[in-house]
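The values are calculated or read from the model by the stated rules, or taken from the named source; none is laboratory data. Just so it is clear, the model here is predicted, and its values are computed rather than measured. Neighbour counts are summed over all protein chains in view; Cβ atoms, including those assigned to glycine, are modelled from backbone coordinates with ideal geometry.
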Amino acid sequence: MKNISVFGDSLVYGTDDDGKKGGWVIRLQNKAGEKNRFWNFGICGDTSTNLLKRIEKNCEEKNPDIAMVFIGANDSQYKTEKENTLVNIEDYKNNLEEILKILNKYTQKIIFIGLPKMNDGITTNWNYKYYFCNENLKKYDDEIKKFCEKNNLKYIHIFDVLNENDLSDGAHPNSIGYEKIADKIYKSVVF
């Protein structure tokens, strides 16, 4: 049996999955079958900086055969101006490099999942502390792609997979959205 550790934020955790737990990770587990065991290390609100602080412990705990990383949406959030992100893009790129160094101690099969598009009409005007915008999400997604090309890693592009009807609150997928993400990943990876 392969241990597959999935690292990320609320988009990995499965927030707003219409009362179900696990979002796309549990759906991918069901598609990939019993020969694989998925471990969901998604923590709501995490940035790449937060993930970097905990990923070594998570790897020690499960010793993954495959590691999947889906992080960066929260990094791209901003408070007042789009350029003033929660984690600036240079720090984000450095964090990806450090995350990769840690993962390479445990496995050579590492997959990065790009960021999804959100609903700007909601996420740029909502009453939360920070805002999301597709302009920033695209910039961070582009960095994931470049990082994967540079390091010869599998990158799964999902920016255009979801539409506004697939989102529960403008940022998080609903059950249909999580199913679409699971399908895209399943078709892109041989388990």
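Counting only helices (runs of 4 or more DSSP H) that fall entirely inside region 32-125 and contain at least 3 residues that are surrounded by 16 or more Cβ atoms within 10 Å (Cβ to Cβ) and touching a residue at least 24 places away in the same chain (Cβ under 8 Å), the qualifying elements are 48-62, 89-104. Of all residues in region 83-125, those that are over 13 Å from Ile144 (Cα atoms) and among the small types (Gly, Ala, Ser) total 1. For region 1-26, the set of residues classified as modelled with pLDDT of 95 or more and among the charged types (D, E, K, R) consists of Asp9 only. Restricting attention to region 126-161 and to residues that are of a type in the set (Phe, Trp, Tyr) and surrounded by fewer than 17 Cβ atoms within 10 Å (Cβ to Cβ), the residue that is nearest to Asp75 (Cα to Cα) turns out to be Tyr130. If I filter region 165-183 for residues that are closer than 19 Å to Gly23 by Cβ and of a type in the set (Lys, Arg), do I get at least one hit? Yes, because at least one residue in region 165-183 is closer than 19 Å to Gly23 by Cβ and of a type in the set (Lys, Arg).
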